[in-house]
1. Does B:E54 qualify as being in contact (Cβ under 8 Å) with a residue 24 or more places away in the chain and either touching a strand residue (DSSP E or B) at 6+ places or on another chain (Cβ under 8 Å) or closer than 23 Å to A:Q36 by Cα (or both)?
2. If I ask for residues that are aliphatic (A, V, I, L, M) and closer than 18 Å to B:D39 by Cα, which ones from region A:67-113 would you list?
3. State which residue is farthest from the other protein chains (Cβ to nearest Cβ) when the search covers only region A:57-69 and only residues that are under 14 Å from the mean Cα position of the chain (by Cα) and among the hydrophobic types (A, V, I, L, M, F, W, C).
4. From the list A:S62, A:S84, pick out the single residue that is farther than 15 Å from A:W34 by Cα and either touching a Pro at 6+ places or on another chain (Cβ under 7 Å) or open to solvent by 20 Å² or more (accessible area, probe 1.4 Å) (or both).
5. Filter region A:19-56 down to residues that are outside any strand (DSSP E or B), away from every other protein chain (no Cβ under 12 Å) and of a type in the set (A, V, I, L, M), then give me how many there are.
6. Against the conditions (1) hydrophobic (A, V, I, L, M, F, W, C); (2) within 23 Å of A:Q88 (Cα to Cα); (3) touching a Leu at 6+ places or on another chain (Cβ under 6 Å); (4) open to solvent by 20 Å² or more (accessible area, probe 1.4 Å), where does B:W35 fall short? Just the number, please.
7. Among the residues of region B:84-113, write down those that are more than 15 Å from A:E42 (Cα to Cα), open to solvent by 70 Å² or more (accessible area, probe 1.4 Å) and either at pLDDT 95 or above or in a strand (DSSP E or B) (or both).
Amino acid sequence: EADIYQTPRYLVIGTGKKITLECSQTMGHDKMYWYQQDPGMELHLIHYSYGVNSTEKGDLSSESTVSRIRTEHFPLTLESARPSHTSQYLCASSESATNTEAFFGQGTRLTVV
Amino acid sequence: KNQVEQSPQSLIILEGKNCTLQCNYTVSPFSNLRWYKQDTGRGPVSLTIMTFSENTKSNGRYTATLDADTKQSSLHITASQLSDSASYICVVSDRGSTLGRLYFGRGTQLTVWP
């Protein structure tokens, strides 16, 4: 069982609200990632981090922002949610070395109405 | 363009039968290939990871193969169980960047019927 946790698991929220999706890992991993996944589609990288105070945008453009103040914590924030943000958001982490496993959280299913 | 293609898109088999899922990729330079199992509404869980020098790896009833020359991989599931019903995702990592970027296939949706 991977020690990476996401909260909430499900979130239904109205348009225009500010939301923060939480992701925490207790494995001491330097690399952390946020992916977005629509039903039946592949995962798309939206943000990643090499370590504390490091954040980078991924391949898929996203209006969300992230922060990495602590190694174990990598929250994702949407300042003003829109229906187009409805999706599943998956957080992952891995060690810095190559060829190491990436561990995924259970995901947050976000619905913006 | 780095891509990962999986086939079939979906598959239905009877409990106890074997099946093989396919993955073709164009990711270069290649670092490793992973197979993940993703249950509906959950995060992916790693089954196997193979580097360039490995051509087969097993994890219980799951056996993955890799042909780095033809850029193909397969995942063979033996004696399927109802709990094998899930999406199986092929993920290829490159070594052309510090991140070790992961490229995801769309997955094969496997349904096992009793």
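The values are calculated or read from the model by the stated rules, or taken from the named source; none is laboratory data. Remember, predicted model here, so these are calculated numbers, not experimental data. Reconstructed Cβ throughout: ideal geometry from the backbone, glycine too, with neighbour counts over all protein chains shown. Heavy atoms of the whole protein, side chains included, go into the accessibility calculation; ligands, DNA and RNA do not. Shrake-Rupley method; radii C 1.70, N 1.55, O 1.52, S 1.80 Å.
1. No, not satisfied.
2. Residues satisfying the conditions are A:L90, A:A92, A:A102, A:L110.
3. In this case the residue turns out to be A:V66.
4. A:S84
5. From region A:19-56, those outside any strand (DSSP E or B) are A:26-30, A:38-43, A:50-55; that's our starting set.
The next check asks that each one be away from every other protein chain (no Cβ under 12 Å); those that pass are A:26-29, A:52-53, A:55.
Those left that are additionally of a type in the set (A, V, I, L, M): A:27, A:52.
Qualifying residue count, region A:19-56: 2.
6. Unmet condition: (4).
7. B:W113
Condition check ((1) under 21 Å from B:P44 (Cα atoms); (2) in contact with a His (Cβ under 6 Å, 6 or more places away or on another chain)) across all residues:
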{"residue": "A:P8", "(1), (2)": "yes, no"}
{"residue": "A:H29", "(1), (2)": "yes, no"}
{"residue": "A:W34", "(1), (2)": "yes, yes"}
{"residue": "A:Q37", "(1), (2)": "yes, no"}
{"residue": "A:G58", "(1), (2)": "yes, yes"}
{"residue": "A:S67", "(1), (2)": "no, no"}
{"residue": "A:E101", "(1), (2)": "yes, no"}
{"residue": "A:T108", "(1), (2)": "yes, no"}
{"residue": "A:V112", "(1), (2)": "no, yes"}
